[in-house]
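Worksheet: one structure, shown below.
Each reported figure results from applying straightforward, stated rules to the coordinates on display, with no laboratory input. All values reported here derive from a predicted model rather than from experimental measurement. Note that we place each Cβ from the backbone using ideal geometry, even for glycine, and neighbour counts take in every protein chain shown.
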Amino acid sequence: VCIHHVRSCSSIRFVRPKYVCVFDKSAVKFSHQQRLFRTTAVSCGQIVQFKLSDIGEGITEVTVKEWYIKEGDSVSQFDSICEVQSDKASVTITSRYDGIIRKLHYNLDEIAFVGKPLVDIEIDASKGVAPEEDVVETPPMSHEEHTHQEIKGHKTLATPAVRRLAMENNIKLSEVVGTGKDNRILKEDILNYLAKQTGAILPPSPKAEIIPPLPKSETVPAAPKDKAHKIPVPVSRPIVFSGKDKTEPVTGFQKAMVKTMSAALKIPHFGYCDEIDLTQLVQLREELKPLAQLRGVKLSFMPFFIKAASLGLLQYPILNASLDENCQNVTYKASHNIGVAMDTEQGLIVPNVKNVQVCSVFEIASELNRLQSLGSAGQLGTNDLTGGTFTLSNIGTIGGTYTKPVILPPEVAIGALGKIQVLPRFNGKGEVFKAQIMNVSWSADHRIIDGATMARFSNLWKSYLENPASMLLDLK
Amino acid sequence: MVLPSLVKNCLQLSCILRTPKAGFRSTTSGGLIIQSVSNDVYQNLAVEDWIHDHMDLENQQVLFLWRNSPAVVIGRHQNPWQECNLRLMRQKNIKLARRRSGGGTVYHDLGNINLTFFTTKKKYERMANLKLVVKALKALRPQLEVHVTERYDILLDRQYKISGTAAKLGRTTAYHHCTLLCNADKFVLSSVLKSPYKGIKSNATPSVSASVKNLFEEDPSLTCEMLLDAIAEEYATQHQTDHHITLINPTDETVLPGISNKTKELQTWEWLYGKTPQFSISTCFNMVYKDSVLDVKVDMDVKHGRIEACNIDLPEQWLPPALCSELVKNFAGSKFCPNETTTLATAFLRVCPQDDELHSRCSLLCENLIMLM
C-alpha cells in the first residue's frame with residue numbers, strides 16, 4: 001500500500017510542472033488544482049508549521065532580514081530558508097523538512113518569535129520519516145528509505161545520509177550523476193564527484209562490480225570493461241551534461257555598448273588598412289624610455305601614435321569633425337581630443353586626451369598614465385570620458401593584425417592598431433632586413449569622408465611614424 | 001557516523017596544524033588556536049566561512065586570530081552608503097567588506113586585532129568569550145580599567161569603546177567575533193566611518209557610533225603581538241590545551257579546499273552592494289551652471305543595489321522633458337555605482353543631440369548624480 005501511494009504521488013509530481021506553466025498567475029488557483037487532484041487520488045500533502053527554533057542566550061525575538069525562498073518553492077532538508085538578526089547576531093535558519101513552502105508568516109523587517117511558526121511547509125506524507133526535533137545531531141542513517149526530492153523539477157533520489165554528505169561538501173545533487181537504481185545517487189557518486197573537484201585519489205569502491213545495468217546502456221561508449229579491475233571506470237557511465245542556459249538582463253557596461261554601437265550602425269563605414277614599419281620608432285622609444293622614467297612617466301608607443309594622428313588631423317580636419325543628426329551640417333572640432341580605447345575588468349571604456357594639438361609627446365604620455373590608472377581603478381569621471389573627437393584603439397597589445405573597428409558617435413573616424421611583429425622586408429637596395437611591422441585599420445564615415453582623404457591621412461601618419469625625425473619639422 | 005570526506009577535511013586541517021610535540025591529546029575539551037598569515041580582509045573572512053561550514057566543532061573549539069590592512073567591514077544587513085564614506089575609501093584604496101555576521105560597521109587596520117570564537121551552536125556564549133578577553137588584558141596589564149557592557153562592547157575607563165562584537169549562527173555551528181583596538185589610525189577611522197550621503201531611508205541595521213580609544217594610548221608599551229599572545233594564553237588555559245598558535249594560510253587549497261571560491265564570493269559586487277536591503281534616496285542639491293544656481297531634487301529607489309526607480313526634478317525647461325526622461329530611463333536597472341553610471345552616462349551623451357549647450361547641461365547633471373553614489 002505504501003509503495004502504491006508513492007507511485008501515485010510521484011505521478012502527480014510529474015504532472016505538476018505542466019500546471020505551473022498554464023496556471024502561473026494565481027497561487028490560489030494553483031493550490032485549488034492541487035487539492036482537487038489530491039482528493040480524487042491519494043492524500044499526499046501534509047502542512048507542517050515549522051517553528052523558529054531556539055537561538056540561544058535566552059533570545060525570544062528576532063528580525064527577519066532576508067528570505068531565501070518564496071511561497072511555492074521546493075525546499076530540501078538543510079536548505080537555507082531565511083536570515084534573521086538579533087542583537088548583532090545573524091542567524092541562518094535552515095529547513096528541517098523536504099517539501100514545498102506554502103506560507104511565510106513574516107514579511108521583511110518584521111519581528112519573529114522563537115517557538116512560533118516561521119513558515120508552513122507541505123511535506124510528502126509518503127515519506128514516512130517523522131520530523132525530528134533536532135535533526136542535526138543524529139543523521140538518520142538507520143533509515144534506508146529512499147526519499148524523493150525535487151530540485152527545480154528534476155527528480156533526484158538519495159538517502160538522507162547521502163544528502164547530508166552532499167550538503168556538507170556544498171555539492172548540488174542536481175550536478176551529481178547517480179549510478180544507483182533509477183539514477184539514484186549513491187555515496188560513491190558523491191565521493192567520485194568530490195575526487196574530480198579536488199583531484200584527490202579515492203580508494204576503489206568495493207561495490208563497483210555490482211552496479212546494475214543502466215537503462216540508457218545504448219548510449220554508453222564501448223569502453224573495454226576489464227572485469228579483473230576493481231576500480232570503477234567512469235567512462236562506462238552514460239555522460240550526462242547537466243549544464244543549463246543562463247539568461248541575464250543587459251545592464252551596465254553591456255547596456256552602454258549596446259546603446260553606442262546601435263547608434264554607430266547608422267554610420268556607413270568604410271575601411272582602409274596599411275602596414276607601418278616601426279623599426280626606427282622602436283629604437284627611438286628605447287632611447288627615450290629611461291628619460292621619461294626619470295620624470296616618473298611610463299612611455300609606451302601610444303603617445304607617438306596619438307601625436308602623429310593630431311599632426312595628421314591638422315592637415316585633414318574633416319577627420320576630426322562631427323556630422324549633425326540630420327546630416328545637414330558638419331562641425332569641424334577645434335580641439336583634438338583623442339580617445340584611447342581601454343579594456344578594463346568591467347568592459348570597454350574610451351577616455352580621451354584633451355587638446356593633443358598643444359601637447360608634447362611627454363605630456364600625452366603623462367596624461368595617458370593618469371587615465372590608465374584611473375581607468376583600471378574604475379574611477380574615471382564623465383569629463384575624461386566625454387568630448388572625444390577621434391579615437392585610436394591599440395588592440396595589438398592583446399593580439400591581432402587587421403581589424404574592422406566601429407566608429408564611436410559623434411566622431412567620424414577611428415583607427416585600430418595591430419600587434420608589432422618582426423617580419424622580413426626588402427630595403428631600398430633590395431636586401432632583406434628585419435622590420436618591426438605594425439598593421440593599422442581605419443574606419444571612416446563615408447557620408448563626409450572619402451577614400452582618398454583617408455588614404456592621404458594614413459600616409460601622412462605613417463610617414464611620421466616610419467621616420468620620427470620628420471615629426472620635428474611639424475611639431476607645434 | 002563520521003563520513004569519509006568529512007573526516008578527510010578535519011584530518012587534513014588537524015594533521016597539518018597539530019604540533020608534533022603535543023602528542024596524542026584527548027580532544028574532549030580541546031581548543032585549537034590558529035592565526036592567519038594574511039592581512040587580506042576577504043581571505044580572512046573566507047577562513048571564517050570555511051571553518052563555519054566545514055569543521056566539526058563537537059569536540060574542539062577554535063580561536064582564530066587575524067588582522068587586516070585598511071578596510072571597512074559592514075554587517076550582513078547593513079547599507080554601505082549609509083555607514084561609510086565610499087568616495088573617500090575609493091580614493092584612499094581602503095577596501096569595503098561585508099561580513100556574514102550581524103551588527104554594525106567597523107574600521108580595520110593593522111593596529112586592530114580580530115578574534116573569532118568558534119563553537120557548536122549549543123556552546124555559543126558571547127559574554128564568556130568577552131570576559132576571557134578582559135581577563136587576558138588584566139593579566140597582561142593589571143592597571144587597565146576594562147569591562148564588558150551589556151551590549152557586548154568592551155569599554156576602557158568606562159568611557160571609550162575598544163571592542164565591538166558580532167556573531168553568526170548556522171545550523172550546527174556558531175561563531176562570535178570581536179575587534180580590539182590596539183593602535184589603529186583614529187583619524188582615518190572617523191573620516192571613513194562618516195557617511196556623506198544624505199537623504200537615505202532604509203531598514204538596514206544602523207550602526208551606533210561610539211567614542212573610541214586605542215589601548216596604545218593608555219599604555220604605549222602595548223603592541224598587537226602582545227595582546228594576541230595574552231589572549232591566546234588565556235584561551236589555552238581555559239580550554240586546557242597547548243598554548244600553541246598555529247599559522248594558517250588562507251590561500252592554501254590543500255588545507256582549506258574550496259577557500260578560493262569563498263574568497264571570490266566575498267569580493268563580488270553582488271555580495272558587497274547587492275545584498276543591501278532595499279532603500280530609497282530623497283535629496284536635493286545645488287548645481288552651479290554658468291551664472292546661475294539651480295535647485296535639483298532627486299528621488300531614487302534602490303533594490304539589490306540596482307536603481308529600480310529614479311525621478312529628477314529640475315527647474316522648468318532647463319532640460320527638455322523628453323531628454324530628461326530618456327536620461328532617467330537610461331539608468332533604470334543599472335547598479336547604483338559611480339563606475340557603471342558614468343559609463344551609461346557617457347554612452348547616453350554620445351547618442352543624444354549634440355547641441356553643445358544641451359550636452360554640457362546633461363553632462364553636469366550626470367556628474368552630480370554620480371556624486372550621490
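Sort segment B:279-372 into rounded, prolate or oblate with this rule: let a ≥ b ≥ c be the square roots of the eigenvalues of the Cα gyration tensor; rounded if a/c is under 1.5, and if a/c is not under 1.5, prolate when a/b is larger than b/c, oblate otherwise.
Working: a/c = 1.81, a/b = 1.30, b/c = 1.39.
It is oblate, given that a/c is not under 1.5 and a/b is not larger than b/c.
Which entries of A:LYS51/B:LYS131; A:LYS88/B:LYS121; B:LYS213/B:LYS262; A:LYS307/A:LYS462; B:LYS121/B:LYS275 show an alpha-carbon separation above 23 angstrom in the structure shown?
Details: A:LYS51/B:LYS131 33 Å; A:LYS88/B:LYS121 16 Å; B:LYS213/B:LYS262 33 Å; A:LYS307/A:LYS462 12 Å; B:LYS121/B:LYS275 25 Å.
Correct reply: A:LYS51/B:LYS131; B:LYS213/B:LYS262; B:LYS121/B:LYS275.
What distance in nm separates the simple spin-label points at A:GLU345 and A:CYS327, each placed 7 Å from Cα in the Cβ direction?
Going from the A:GLU345 label point to the A:CYS327 one covers 4.4 nm.
Can you work out the PRE-style zone for B:MET371? Point 7 Å along Cα to Cβ, and I want the residues of segment B:257-299 with backbone N under 12 Å.
Correct set: B:284-289, B:294-296.
Give the shape of segment B:56-200 as rounded, prolate or oblate, defined through the alpha-carbon gyration tensor: a ≥ b ≥ c are the square roots of its eigenvalues, a/c under 1.5 means rounded, and otherwise the shape is prolate if a/b is larger than b/c and oblate if not. Mind dumping the intermediate values first?
On the way: a/c = 2.01, a/b = 1.33, b/c = 1.51.
Taking the square roots of the gyration eigenvalues as a ≥ b ≥ c, segment B:56-200 is oblate.
Using +1 on the beta carbon of Lys and Arg, -1 on that of Asp and Glu, and nothing else charged, what's the dipole of segment A:269-473 about the Cα centre, debye to 20? Each step should come with its number before you reach the end.
Details: 16 positive and 17 negative charges, 88 e Å.
The dipole magnitude comes to about 420 debye.
So how far apart, in nm, are the two label points at B:GLU253 and A:GLU71 if each is 7 Å from Cα heading toward Cβ?
Inter-label distance under the simple model: 4.4 nm.
From the phi angles alone, apply the Karplus equation (6.51, -1.76, 1.60; θ = phi - 60°) to segment A:302-319 and give each ³J(HN,Hα) in whole Hz, x where the residue is Gly or Pro.
Values per residue, Gly and Pro as x: 3, x, 5, 4, 5, 5, 4, 4, 5, 4, x, 5, 4, 8, 10, x, 5, 6 Hz.
I need to check one value: relative contact order of segment B:30-273, counting alpha carbon pairs closer than 8 Å and at least 6 residues apart, in percent. Intermediate values should be presented prior to the final figure.
Working: 484 pairs, mean separation 70.1, N = 244.
Rounded, it is 29 percent for segment B:30-273.
Output the pairs from A:LYS354/A:LYS476; B:LYS95/B:LYS194; B:LYS95/B:LYS161; B:LYS138/B:LYS168; A:LYS65/B:LYS201; B:LYS194/B:LYS335 with a Cα-Cα distance over 20 Å in this structure; if there are none, say none. Spell out each step's value before the answer.
On the way: A:LYS354/A:LYS476 15 Å; B:LYS95/B:LYS194 15 Å; B:LYS95/B:LYS161 23 Å; B:LYS138/B:LYS168 27 Å; A:LYS65/B:LYS201 16 Å; B:LYS194/B:LYS335 22 Å.
As for pairs spanning more than 20 Å Cα to Cα, those are B:LYS95/B:LYS161; B:LYS138/B:LYS168; B:LYS194/B:LYS335.
In chain B, what percentage of the DSSP-assigned beta bridges are antiparallel, given to the nearest 5?
On the way: 50 of 65 bridges.
Rounded to the nearest five, the antiparallel share is 75 percent.
From the square roots a ≥ b ≥ c of the eigenvalues of the alpha-carbon gyration tensor of segment A:302-390, which class results: rounded (a/c under 1.5), prolate (a/b over b/c), or oblate? If you can, show how the numbers build up before the last one.
On the way: a/c = 2.52, a/b = 1.36, b/c = 1.86.
The shape class here is oblate.
Quick check on the exposure proxy: order B:HIS243, B:HIS77, B:HIS108 from fewest to most C-beta atoms within 10 angstrom.
On the way: B:HIS243 13, B:HIS77 22, B:HIS108 26.
Least crowded to most crowded, the residues run B:HIS243, B:HIS77, B:HIS108.
Distance from the Cα centre of segment B:285-332 to that of segment A:79-106, in angstrom?
Rounded to whole Å, the Cα centres lie 39 Å apart.
For a quick check: with amide H placed at 1.01 Å from N, whose amide H comes under 5 Å from A:LYS116's, ignoring anything fewer than 5 positions away on the same chain?
Distant-sequence amide H within range of A:LYS116: A:LEU52.
Neighbour counts of other C-beta atoms within 10 Å: give me B:TRP269, A:TRP67 arranged from fewest to most. Walk me through the intermediate numbers first.
Details: B:TRP269 14, A:TRP67 18.
Ranked by crowding around the Cβ, least crowded first: B:TRP269, A:TRP67.
Report the FRET efficiency, 1/(1 + (r/R0)^6), for A:GLU61 and B:SER282, where r is their Cβ-Cβ distance and R0 is 41 Å, rounded to 0.05. Numbers along the way, then the final one.
Values: r = 31 Å, r/R0 = 0.75.
Efficiency for this residue pair is about 0.85.
Want the number for A:LYS172 to A:LYS244: 0.36 nm per residue separation, take away the alpha-carbon distance, what's left? Present the calculation step by step, with values, prior to reporting the outcome.
Numbers: separation 72, 0.36 × 72 = 25.92 nm, distance 1.37 nm.
So the extension gain works out to 24.6 nm.
Listing A:CYS273, A:CYS359 from the residue with the fewest other Cβ atoms within 10 Å to the one with the most, what is the order?
Numbers: A:CYS273 17, A:CYS359 21.
Placing the least packed residue first, the sequence is A:CYS273, A:CYS359.
Just to verify a number: FRET efficiency for A:VAL258 and B:SER211, C-beta to C-beta distance, R0 = 41 Å, to 0.05? Mind dumping the intermediate values first?
On the way: r = 51 Å, r/R0 = 1.24.
Computed FRET efficiency for A:VAL258 and B:SER211 comes out at 0.20.
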